[in-house]
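Here's the structure we're looking at; comments come further down.
The values are calculated or read from the model by the stated rules, or taken from the named source; none is laboratory data. Quantities reported herein were computed from a predicted structural model and do not represent experimental measurements. Positions of Cβ are backbone-derived with ideal geometry, glycine not excepted, and every protein chain shown enters the neighbour counts. Please note that ligands, DNA and RNA were not included when accessible areas were found on the heavy atoms of the full protein model with its side chains. Shrake-Rupley method; radii C 1.70, N 1.55, O 1.52, S 1.80 Å.
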Amino acid sequence: LVQNTFFCFFLLTFSLLFTSIFTFPNEKNMLLKEREAGMYPISAFFFGRTMADIPLDTLIPVTVTTIIYVMTGLKPTVDAFLLTMMVVLITCFTAGSLGLLIGAAFLNLKRAQSVATILMLTIMLTGGFFVRSTPSWMDWTKYISYIMYGWAALVKIHLRDALGRCEGENASEEGICDYGTLDLVPSDTYGGTEITILLAMLLGLRTLVYLALRYRAREK
């Protein structure tokens with residue numbers, strides 16, 4: 001279950017991040033021309049584009065997660081399913097916001113893709129699955145990994161009973177506790193703290209997207 005949740009999570013967010021990168025660079029010429037003509041403010045373009053992306057950005061994660069949820073035998077309860085869907089959607093929106101921020105900051109596909117690749121690898125490796133210990137000088141990088149928070153929330157939702165049994169140990173017989181993300185908030189077995197952090201990251205990234213887009217449009 002641990003492996004299934006991680007890879008489901010990683011693939012969905014990876015796909016959405018790199019898809020979102022193309023949004024603003026592809027529309028750069030149209031945006032700049034229409035801005036010069038005074039047709040609309042940046043805020044209207046930003047909120048309009050955000051609303052237009054929501055249906056597809058929601059449909060794909062919901063569909064894929066539902067299929068994987070049934071096929072991999074995750075916890076068969078309504079509350080676990082709804083919590084899982086909420087965590088997946090928030091994390092996917094966060095990944096998409098990061099992609100939009102990179103695209104808005106550079107407005108150049110080659111540069112944006114290069115930066116996104118580096119950031120994505122960093123976020124993936126510090127998510128707690130592939131690398132369980134990092135050098136002390138870069139240990140802080142795990143706290144900017146939205147994958148770590150999302151994955152920790154999912155593991156707590158589906159394995160909270162096991163977490164309660166092995167709390168305080170390095171690992172249980174099944175090796176469930178041998179993951180760095182699980183000791184983030186040991187007493188929070190429903191992932192509420194991670195969900196709150198993800199929401200804060202989502203709002204922060206969306207704000208930065210708007211500011212970057214506004215600055216770059218004015219700069220040109």
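Observations on the model:
- A residue that is assigned to a helix (DSSP H, G or I), of a type in the set (Lys, Arg) and either open to solvent by 30 Å² or more (accessible area, probe 1.4 Å) or touching a Leu at 6+ places or on another chain (Cβ under 7 Å) (or both) occurs nowhere in the range 56-78.
- Pair list, Cβ under 7 Å, 6 or more apart: the range 133-145 residue at pLDDT 80 or above, other residue of a type in the set (Val, Ile, Thr) and part of a helix (DSSP H, G or I): Thr141/Thr122; Ser145/Ile123
- Of all residues in the range 24-55, exactly one satisfies the criterion of being farther than 20 Å from Leu109 by Cβ, touching a residue at least 40 places away in the same chain (Cβ under 8 Å) and surrounded by fewer than 16 Cβ atoms within 10 Å (Cβ to Cβ), namely Ser43.
- Test: residue in the range 38-47 that is under 24 Å from the mean Cα position of the chain (by Cα) and β-branched (Val, Ile, Thr): no
- Scanning the range 80-131 for residues that are among the polar types (S, T, N, Q) and buried (at least 22 other Cβ atoms within 10 Å of the Cβ) returns Thr84, Thr91, Thr94, Ser97, Thr126.
- Count of the range 190-220 residues which are more than 21 Å from Val88 (Cα to Cα), in contact (Cβ under 8 Å) with a residue 60 or more places away in the chain and open to solvent by 60 Å² or more (accessible area, probe 1.4 Å): 3
- From the list Ala171, Ala217, Ala162, Ala152, the lone residue that is of a type in the set (Gly, Ala, Ser) and at pLDDT 75 or above is Ala152.
- Considering each residue of the range 136-149 in turn, at least one proves to be open to solvent by 50 Å² or more (accessible area, probe 1.4 Å), out of contact with any strand residue (DSSP E or B) (no Cβ under 6 Å at 6 or more places or on another chain), assigned to a helix (DSSP H, G or I) and basic (Lys, Arg).
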